[in-house]
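K.L.:
Before I ask anything, let me first share the structure, which is written out below as structure tokens.
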């Protein structure tokens, strides 16, 4: 590992800390997960900048700050079983895999899912289970989950996914709220589902079905 790589990672982690990421375990997971592995080769020189980047199939890899803030808000422990909707490049799942017991991640694009699997194998991340499918339907066979994270903007509260959370579970999801998208934390309690808006974000839309051509 070159000194340049080390410097860029350290600078990124410092930027995350300065931007409000306080969870030391989340910062450590971000530091240990090489974002350069998850971006297209043509963007390798921008891999450790705090910005989103394009990936295959017209999708994006979120900026590191959003990944870190969503992970922090999810309140993951090493006993958690986590469902991710939208594997994308695999970066968010890789970060989560260092913090929880197991990650189940669903992607509607076969190309993205297969590329992510190769990255997980290269990094020896053995606690990630992938599926090509319709993320809006969740993963009923593996429910209930302790945590759910959605990496695409739902048009409304994702009740179908919330139904797959165990009592006391937490879901983080961007939700379309008029002209803006709001990142919302949902908590499943005995007397109902509690919503907490966190911040405005920008994600690709959550789409039903499985992509046929990619």
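K.L.:
Being touching a strand residue (DSSP E or B) at 6+ places or on another chain (Cβ under 6 Å) and either under 23 Å from residue 109 (Cα atoms) or assigned to a strand (DSSP E or B) (or both) is the requirement here; does residue 211 meet it?
P.N.:
For residue 211, the condition - touching a strand residue (DSSP E or B) at 6+ places or on another chain (Cβ under 6 Å) and either under 23 Å from residue 109 (Cα atoms) or assigned to a strand (DSSP E or B) (or both) - is not met.
K.L.:
Please tell me if residue 114 is under 20 Å from residue 173 (Cβ atoms) and touching a strand residue (DSSP E or B) at 6+ places or on another chain (Cβ under 9 Å).
P.N.:
no
K.L.:
Which fully enclosed helices (runs of 4 or more DSSP H) of the range 1-90 have 2 or more residues being surrounded by 17 or more Cβ atoms within 10 Å (Cβ to Cβ) and touching a residue at least 60 places away in the same chain (Cβ under 8 Å)?
P.N.:
Ranges flagged: 24-32, 64-74.
K.L.:
Still on this structure, I have one more. If the requirement is being surrounded by fewer than 15 Cβ atoms within 10 Å (Cβ to Cβ), within 24 Å of residue 79 (Cβ to Cβ) and either in contact with a helix residue (DSSP H, G or I) (Cβ under 6 Å, 6 or more places away or on another chain) or touching a residue at least 12 places away in the same chain (Cβ under 8 Å) (or both), which of these qualifies: 141, 196? Step through it out loud before you land on a result.
P.N.:
Details: 141 fails: either in contact with a helix residue (DSSP H, G or I) (Cβ under 6 Å, 6 or more places away or on another chain) or touching a residue at least 12 places away in the same chain (Cβ under 8 Å) (or both).
So the residue among 141, 196 that is surrounded by fewer than 15 Cβ atoms within 10 Å (Cβ to Cβ), within 24 Å of residue 79 (Cβ to Cβ) and either in contact with a helix residue (DSSP H, G or I) (Cβ under 6 Å, 6 or more places away or on another chain) or touching a residue at least 12 places away in the same chain (Cβ under 8 Å) (or both) is 196.
K.L.:
Could you say whether any residue in the range 60-72 is farther than 25 Å from residue 196 by Cα and modelled with pLDDT under 95?
P.N.:
yes
The values are calculated or read from the model by the stated rules, or taken from the named source; none is laboratory data. None of these values were measured; they are calculated from a predicted model. As a convention, Cβ positions derive from the backbone with ideal geometry for all residues, glycine included, and neighbour counts pool all protein chains shown.
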